[in-house]
1. Can you run down the residue pairs with Cβ atoms below 8 Å, 6 or more apart or on separate chains, where the first is in the range 433-453 and open to solvent by 20 Å² or more (accessible area, probe 1.4 Å) and the partner is not in a helix (DSSP H, G or I)?
2. Please identify the pairs in which a residue from the range 553-564 that is under 13 Å from residue 607 (Cα atoms) and open to solvent by 30 Å² or more (accessible area, probe 1.4 Å) has its Cβ atom under 8 Å from the Cβ atom of a residue that is among the aliphatic types (A, V, I, L, M) and outside any loop (DSSP other than H, G, I, E, B), counting only partners at least 6 apart or on another chain.
3. Select, from 361, 397, 376, 391, the only residue that is within 30 Å of residue 43 (Cβ to Cβ), part of a loop (DSSP other than H, G, I, E, B) and within 21 Å of the chain's Cα centre (by Cα).
4. When the residues of the range 624-671 are filtered to those that are hydroxyl-bearing (Ser, Thr, Tyr) and free of Cβ contacts under 8 Å to residues at least 40 places away in the same chain, which remaining residue is nearest to residue 682 (Cα to Cα)?
5. Residues being of a type in the set (Val, Ile, Thr), in a strand (DSSP E or B) and touching a Lys or Arg at 6+ places or on another chain (Cβ under 8 Å): count how many of those fall in the range 491-537.
6. Is it true that some residue in the range 453-465 is in a helix (DSSP H, G or I) and polar (S, T, N, Q)?
7. Across the range 623-678, what is the total count of residues that are of a type in the set (Gly, Ala, Ser) and under 41 Å from the mean Cα position of the chain (by Cα)?
8. Is the range 305-319 home to any residue that is in the same structural domain as residue 124 (by the TED database), in contact (Cβ under 8 Å) with a residue 60 or more places away in the chain, in a loop (DSSP other than H, G, I, E, B) and in contact with a strand residue (DSSP E or B) (Cβ under 6 Å, 6 or more places away or on another chain)?
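The values are calculated or read from the model by the stated rules, or taken from the named source; none is laboratory data. Just so it is clear, the structure is predicted and the values come from calculations on it, not from any experiment. Every residue, glycine among them, receives a Cβ derived from its backbone with ideal geometry; neighbour counts consider all protein chains shown. Quick note on the areas: whole protein, heavy atoms, side chains included, nothing else; ligands and nucleic acids left out. Shrake-Rupley method; radii C 1.70, N 1.55, O 1.52, S 1.80 Å.
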Amino acid sequence: LMERKTRVKASRKEIVLAKLKKGCSCTPRRLKNFVMDFLPVLRWLPKYQCKEYIWGDVMSGLVIGIILVPQAIAYSLLAGLKPIYSLYTSFFANIIYFLMGTSRHVSVGIFSLISLMVGQVVDRELTLAGFDLNDDAPPALGDGSLQSDSQSNTTVFNLTTAGMNAECGKECYAIGIATALTFLAGVYQVLMGVFRLGFVSMYLSESVLDGFATGASLTILTAQVKYLIGIKIPRSQGHGMLVITWINIFRNISQANLCDVITSTICIVVLVTAKELGDRYKHKLKFPLPTELVVIVVATLVSHYGNLNEVYASSVSGAIPTGFIAPKVPRFNLMLRVAVDALPLAVVSFVFTVSLSEMCAKKYAYTIRANQEMFAVGFCNIIPSFFHSFATSAALAKTLVKTSTGCQTQVSGVISAMVVLLVLLFLAPLFYSLQKCVLACIIIVSLRGALRKFRDVPARYRANKVDTVVWVVTMSASALISTEVGLLVGIVFSMLCIIARTQRPRTTLLGQIQDTSFYEDDLEYENLSSIPKVKIFRFEAPLYYANRNYFLKSLYRLTDLDPNLEAARRKKYEKKEKQHLQKGDHTTANGLGGGDTTLQLVPKQIDFHALVVDCSSISFLDTTGVNTLKEILKDYKELNISVLLACCNPSVIDSLKRGGYFGKDFGSMQEMLFYSIHNAVQFAKDQK
């Protein structure tokens, strides 16, 4: 006999007091552990094995830095901000994650999906504030300063020895929105870490994330087409942006800039060819080819010496100032406008960072702390928001490059930050003549991985049809409605799919595997023997209020017996028999003699006297579930059919006890509950 262990229930008051005492105590050792947990760099940096690690960290840091600069400048188009702010973001994110992150390999910085989400909020708020989204930046004046023009909504920079002071116009308002959004997203992430809400990421399944990334990639691609062909169309806002943008593109296709079209074609061919060759021969290359940097340098030189902006009216990046802008506190009044938008941004940023961190930790056999990752990415948003930066996240492509180039620790992140700092202090103005179509090409080619997900749809469908539908719905909503709505739709739809699976789960009757004590699905396996006078029913889901009716319908259908109808037939038949007897007619309602009456009291022949319910797949019962089992126990008992439960887990047994299924004193429990199907079947066979 198996006996349950008796648990000693501790007082909740004592538990709370003990936790408060432990949490509020402040000893030197506890304070030291808190600081070292909050800044993990203090633990691993003193143990840094310089001879073993330094070469890999320096190489990966330089490669990522070289890749980071052109991507940062390019992704500024997605965020609707000047390239200088993207460089600030890349610099500060690498430094802060170096101090606070627990992953050794993740590359945190500017990310296309996050930049897109920021850009959509910035564009919306600029439109509401009355700014024109379609103005190109004017060429810089010879004295190095730009004066603000209220008619053209352009922003002017006054370069000073102390840094850069911007007179607030369109650009100032845009970065104000971005920093307020970033600050709030960071605050949300830190609060989620404090209250240990990291479990929120569990509701973003792989299908939802992949669908969201692919749908957002289509939106990014659509937003860059106008730069590829050099047309000026209004920047669409709100739901249906993708469709509206394509309509505007085809309406204005005749205005395409031939110089931009030729440049874009050349750049895409070069970038795609280099990427394909790099993928094919990556086992022979010690580090990836810096194709983006080469393309940017060559394109900038051609644009500058060919005067493409003046001669062919090709749109260029414009002036990128050097140095740092003085820190500024994000504006509280703008935070109120973007408080809702910051929540999906915070969740997506955290989920991508933690998922990549866990992937790297599993691959290289170390552990991360998800809660500390929440703090790290939160402060990667909070602190840089004071320095004119916008939201960041871990990026898959750069993380893979980082691991493939010998990265050992986050020292490589500091090296990457130094490369960005070099550009910030000295090299940024050299990118003035860089065409925007070149940046658009870099963005589009970087989407290859996400867009290739379309090729995986048939294989995904063969593997799991429901997950494929979730992917398609999330992708379509993210592309056709908006990214935030698409993410919400994906989460809700995936949950509905789970609910639907539990509402209509698989149900079956079981047969015995010959010469064994095991039982399996009678519809799935051949040569199973049925048990005479015993039906074994399996329900493969929790039993709760939403699937109660389906449970009963499936049970009645598979056993070919509805006890309620059968009981009603019997009562009706007994009533007719009584009426015949009262009239003095000794024949029954069927025309038989009274001696045969007992044979006709059952209108339908029942071929079993015991029902075994296999509860191995029932993970929990709610009140409705317990009442449902009590109901079938009562209904079948009226037909002299015993109901036996088998393979119940402890939580189900406890629910049955609390619900009074076994009676008040549990005296009949041993005759109603069995630890295996075979035991229940043997008991049923032994019954008279």
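1. 436/315; 436/316; 436/317
2. Qualifying pairs under 8 Å: 558/509.
3. Details: 361 fails: part of a loop (DSSP other than H, G, I, E, B); 397 fails: part of a loop (DSSP other than H, G, I, E, B); 376 fails: part of a loop (DSSP other than H, G, I, E, B).
Residue meeting the stated conditions: 391.
4. At the first step, the residues of the range 624-671 found to be hydroxyl-bearing (Ser, Thr, Tyr) are 624, 628, 636, 642, 651, 655, 661, 668.
From the residues that got through so far, the ones that are free of Cβ contacts under 8 Å to residues at least 40 places away in the same chain too are 651, 655, 661, 668.
On the way: 651: 25, 655: 25, 661: 22, 668: 17 Å.
Filtering the range 624-671 for residues that are hydroxyl-bearing (Ser, Thr, Tyr) and free of Cβ contacts under 8 Å to residues at least 40 places away in the same chain, the one nearest to residue 682 (Cα to Cα) comes out as 668.
5. First, the residues of the range 491-537 that are of a type in the set (Val, Ile, Thr): 491-492, 498-499, 502, 507-508, 513, 516, 531, 534, 536.
Then drop every residue that is not in a strand (DSSP E or B), which leaves 507-508, 513, 534, 536.
Pick out the ones that are also touching a Lys or Arg at 6+ places or on another chain (Cβ under 8 Å) and you get 507-508, 534.
Qualifying residue count, the range 491-537: 3.
6. Just the residues of the range 453-465 that are in a helix (DSSP H, G or I), to begin with: 453-463, 465.
Then keep just the ones that are polar (S, T, N, Q); that gives none.
Within the range 453-465 (the criterion being in a helix (DSSP H, G or I) and polar (S, T, N, Q)), the answer is no, since none of the residues qualifies.
7. Looking only at the range 623-678, we keep the residues that are of a type in the set (Gly, Ala, Ser), and these are 625, 642, 646, 651, 655, 659-660, 663, 667-668, 676.
Next, only the ones that are under 41 Å from the mean Cα position of the chain (by Cα) stay: 625, 646, 651, 655, 659, 676.
Total meeting the criteria: 6.
8. The answer is yes; a qualifying residue exists.
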